[in-house]
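The values are calculated or read from the model by the stated rules, or taken from the named source; none is laboratory data. This one's a predicted model, so the numbers in the text were calculated from it and none came from an experiment. Cβ placement follows ideal geometry from the backbone for every residue including glycine, while neighbour counts extend to all protein chains displayed. Note: areas computed on protein heavy atoms with side chains; ligands, DNA, RNA excluded. Shrake-Rupley method; radii C 1.70, N 1.55, O 1.52, S 1.80 Å.
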Amino acid sequence: LDVTAQSVFATALLVVGAALVVGTWIGRGRGLIAVGAVLTVCLVVAAILDVPLRGGIGTRFDTPTTTANLRSAYHLAIGREILDLSAVPLDGRVRHVDVTVGVGELRVVAPANAKVVVHATTGTGRIELPGTQVNGTHLSRDATYATAGPQTGEIDLDLHVGAGSLEVDRSFQGAQP
């Protein structure tokens, strides 16, 4: 089930609005006005930040070692996702991987012996790619990294963090949680 922050806040605001209508007939609805105001602000912030809330909560450390274990998509709602692709044999092929984190941290260790194409976006936070780092809101960076020696293939990364940090690392083999 994919639930966005916008749909949660919009549904809650709808329920509070209905309760306010009922409260006008039976009284005691003034406290709901403050709740409705807070939900309205949260709805606006969620719409601006584009925070995808799907895939669970917590810390994940994914290390696929075969192409059969490499999924095309990884999703985490809230938490820390570490995806170590350094041991995946690409066999001269192009592999596409889509990774989203709603709120939290995303770290991808890319293979050192492959061409890596990165499309990174954040609603708010930080993007750190080899040789560059930016902070702010509505960030988007595209980069391509080739190897000095023979390439084993290509990996195309579509990375998105709603609010938090996004990092791509090619400096070493094997990531640490």
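Worth pointing out:
- Flag if S7 is among the polar types (S, T, N, Q), closer than 16 Å to G162 by Cα and free of Cβ contacts under 8 Å to residues at least 40 places away in the same chain: yes
- Selection of segment 80-94 for residues being in a strand (DSSP E or B) and of a type outside the set (A, V, I, L, M, F, W, C) yields R80, E81, D84.
- V101 being surrounded by 15 or more Cβ atoms within 10 Å (Cβ to Cβ) and assigned to a strand (DSSP E or B): yes
- In segment 97-125, the residues that are closer than 23 Å to A68 by Cβ reach residues that are hydroxyl-bearing (S, T, Y) and open to solvent by less than 10 Å² (accessible area, probe 1.4 Å) with C-beta atoms within less than 7 angstrom, at least six apart or across chains, in these pairs: V99/Y74.
- Residue check: G55 meets all listed conditions (1) touching a residue at least 40 places away in the same chain (Cβ under 8 Å); (2) more than 22 Å from the chain's Cα centre (by Cα) but one, namely (2).
Conditions tested, residue by residue: (1) surrounded by 13 or more Cβ atoms within 10 Å (Cβ to Cβ); (2) of a type outside the set (K, R); (3) modelled with pLDDT under 90.
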{"position": "V15", "(1), (2), (3)": "yes, yes, no"}
{"position": "V22", "(1), (2), (3)": "no, yes, yes"}
{"position": "G58", "(1), (2), (3)": "no, yes, yes"}
{"position": "T67", "(1), (2), (3)": "yes, yes, yes"}
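- Conditions (1) within 18 Å of H160 (Cβ to Cβ); (2) open to solvent by 60 Å² or more (accessible area, probe 1.4 Å); (3) at pLDDT below 90: number failed by R93: (1)
- S72 meets each of the listed conditions (1) over 12 Å from the mean Cα position of the chain (by Cα); (2) modelled with pLDDT of 90 or more; (3) crowded, with 17+ Cβ neighbours inside 10 Å apart from (3).
- Residues that are more than 15 Å from the chain's Cα centre (by Cα), of a type outside the set (G, A, S) and surrounded by 23 or more Cβ atoms within 10 Å (Cβ to Cβ) were ranked within segment 104-127; the one that is nearest to L83 (Cα to Cα) is P111.
Results for (1) at pLDDT below 90; (2) hydrophobic (A, V, I, L, M, F, W, C), shown as yes or no for each residue.
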| position | (1), (2) |
| --- | --- |
| S140 | no, no |
| T147 | yes, no |
| G153 | yes, no |
| D156 | no, no |
| G162 | yes, no |
| F172 | yes, yes |
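- Extreme residue, surrounded by the most Cβ atoms within 10 Å (Cβ to Cβ), among residues of segment 136-163 that are touching a Lys or Arg at 6+ places or on another chain (Cβ under 8 Å) and touching a residue at least 60 places away in the same chain (Cβ under 8 Å): I155
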